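The values are calculated or read from the model by the stated rules, or taken from the named source; none is laboratory data. None of the values given here were measured: they were computed from a predicted structure. When we count neighbours, we look across all protein chains shown, and the Cβ atoms used for this are built from the backbone with ideal geometry, even at glycine. The area values use the complete protein model at the heavy-atom level, side chains included, leaving out ligands, DNA and RNA. Shrake-Rupley method; radii C 1.70, N 1.55, O 1.52, S 1.80 Å.
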Amino acid sequence: MKISVIGLGYLGAVHAASMAQLGHSVVGVDIDPRKVAALAAGRSPFYEPGLDELLAEVGATGRLTVSTDPAAVAGAQVHFVCVGTPQADDSNAADLTYVDAAVRGLLPRLAPGDLVVGKSTVPVGTAERLAGMVAAAQPEAALAWNPEFLREGFAVKDTLHPDRIVYGVPDGAAGERAVAQLDEVYAAPLAEHTPRIVADYPTAELVKVAANSFLATKISFINAMAELCEVAGADVTLLADAIGYDARIGRRFLNAGLGFGGGCLPKDIRAFMARAGELGADPAVAFLAEVDDINNRRRARMVELATEVLGGSVAGKRIAVLGASFKPDSDDVRDSPALEVAARLGAAGATVTVTDPRAIENARARHPELHYEPDLDVTVTCADAVLVLTEWREFRELDPERVGRLVAGRVVLDGRNALDRTAWQAAGWTYRALGRR
Ligand SMILES: NC(=O)C1=CN([C@@H]2O[C@H](COP(=O)(O)OP(=O)(O)OC[C@H]3O[C@@H](n4cnc5c(N)ncnc54)[C@H](O)[C@@H]3O)[C@@H](O)[C@H]2O)C=CC1
Ligand SMILES: O=C(O)[C@H]1O[C@H](OP(=O)(O)OP(=O)(O)OC[C@H]2O[C@@H](n3ccc(=O)[nH]c3=O)[C@H](O)[C@@H]2O)[C@H](O)[C@@H](O)[C@@H]1O
């Protein structure tokens, strides 16, 4: 099948490469010439485990081409819209400028029988509106909504082997045809018995924001328990283990610490609240404001804890921050809790040096005022405190004795409850973490 993918960011680049891997002939389009140049050279424009290898594989088949020219989509029958929907500058709502522009760019090139497929995360009601634009431009083309659930760091696996596939389609023959086209696109994962849910547009749109809201709520729930553990002298990691054994609760996404960041969970719950407000249903998701607040309080608490262990002020102190990306195995620093904490400590007068295996370049672009150091040993040398804020494997596996010989003071703050506390304490470190004594 001939497919186009509009938008080649964290979602679209992986989707385009994966569709080519599934045997389709794919053209990817992005307005960012740097991303297109990297992909044309067979390189991923960002760090995502397995993507370079996948690009090399599909590059050899010739099934993936990329372009900055919107006209390159002509000839494809299925067009995936994968552009960004960031938080608007002046409100909590999603900025739909890019989605609208991407669909408008497609309209003059649509042929009868083409299917436009939205994958970006959008406020409920968007698909219906865009379907109207498609119908007006090409009455024999249709639109479907096919939300994406991939996680950064696992994006290739999640795309090739998703845990479910959701189609939002119109009623009647157009919907049936859309389902058949999408079944052809996803023939390989469907052959693996991946559950497939066919729904109307609003349900498909809501599935996506409901899933992210649930995940954010689960994280904030355990972080609320961490707040209580702190005042009651309890241990949130043991609490999470204990409640997680209840299969109805489950241990996954109960890791307390600095909370959620990234280009999706924070902006998606805010956009959901904004859209619910427009629909007059604010009370239904009012709890998400608390989820957001709990999440933000963790970042403030981390700064407070660092201030506390450093004797009441961080001014003039040397702080080593390990981690800049919003999660391990990603170079994405959008709304990164680690980077925000580093920036706040810097603003409070600390000399902050940040290291990260992959995200230094992106972090520097957002916070040029901080010092960055690729070498971990140099980062921690003479530090008064070491803060582990993103749980990359190389940080989790640090030898506390070796690191202890480099620092000025053996003080470690475990922002992700990721270190072996006993080992660090045995090496003479003052160990502090969120939600634990
Ligand atoms: N990053 C993730 O893990 C996931 C993201 N999503 C959703 O997917 C959407 C995209 O997210 P990301 O890939 O993270 O964003 P991103 O910012 O990494 O990528 C968006 C890309 O779209 C391009 N673009 C903007 N306007 C364009 C146009 N008119 N024509 C062609 N390209 C255009 C940009 O240059 C950029 O490369 C968002 O709605 C997000 O919520 C959904 C699931 C997972
Ligand atoms: O819509 C999206 O873009 C995606 O958002 C999330 O994926 P992602 O943002 O890549 O990463 P997650 O693994 O969900 O982690 C998000 C944040 O929560 C934090 N987190 C996660 C789990 C946990 O137990 N505790 C915790 O603080 C992570 O450190 C990270 O900052 C969802 O997991 C994906 O299903 C979804 O497709």
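Here is how the numbers come out for the structure above:
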read-out	value
FRET efficiency, 1/(1 + (r/R0)^6) with R0 35 Å, evaluated for R252 and E184 via beta carbons	0.60
Gain on full stretching of the segment that runs from A135 to K2 - 0.36 nm per residue minus C-alpha separation	45.8 nm
Protein accessible area in the stretch 98-144, 1.4 Å probe - carbon and sulfur %	55
Rounded if a/c under 1.5, otherwise prolate or oblate - the stretch 2-199, Cα gyration tensor axes	rounded
Pair A289, T203: separation of 7 Å Cα→Cβ label points (nm)	3.1
Mean Cα-pair separation over length for the stretch 99-192, i.e. relative contact order, pairs under 8 Å, 6 or more apart, %	25
Contour minus Cα-Cα distance for S91 and A315 (0.36 nm per residue)	77.3 nm
Exceeding the 20 Å Cα-Cα cut-off - candidates K35/K208; K35/K327; K2/K157; K157/K327; K119/K327	K35/K208; K35/K327; K2/K157; K119/K327
For the chain, convex hull of alpha carbons as volume per residue, Å³	150
More than 15 angstrom apart: percent of Cα pairs within the stretch 332-376	34
Ellipsoid semi-axes in whole angstrom, largest first, where each is sqrt(5λ) of the Cα gyration tensor of the stretch 133-270	38, 17, 12
Volume of the Cα convex hull of the stretch 234-437, divided per residue and given in Å³	133
Separation of alpha-carbon centers, the stretch 66-142 and the stretch 395-424, rounded to whole Å	48
Derived scalar couplings ³J(HN,Hα) [the stretch 89-96; Karplus, 6.51 cos²θ - 1.76 cosθ + 1.60; whole Hz; x for Gly, Pro]	5, 10, 7, 7, 5, 6, 8, 9
E184, E205, reordered so the largest accessible area comes first (probe 1.4 Å)	E184, E205
Heavy-atom accessible area per residue - the chain, 1.4 Å, Å²	42
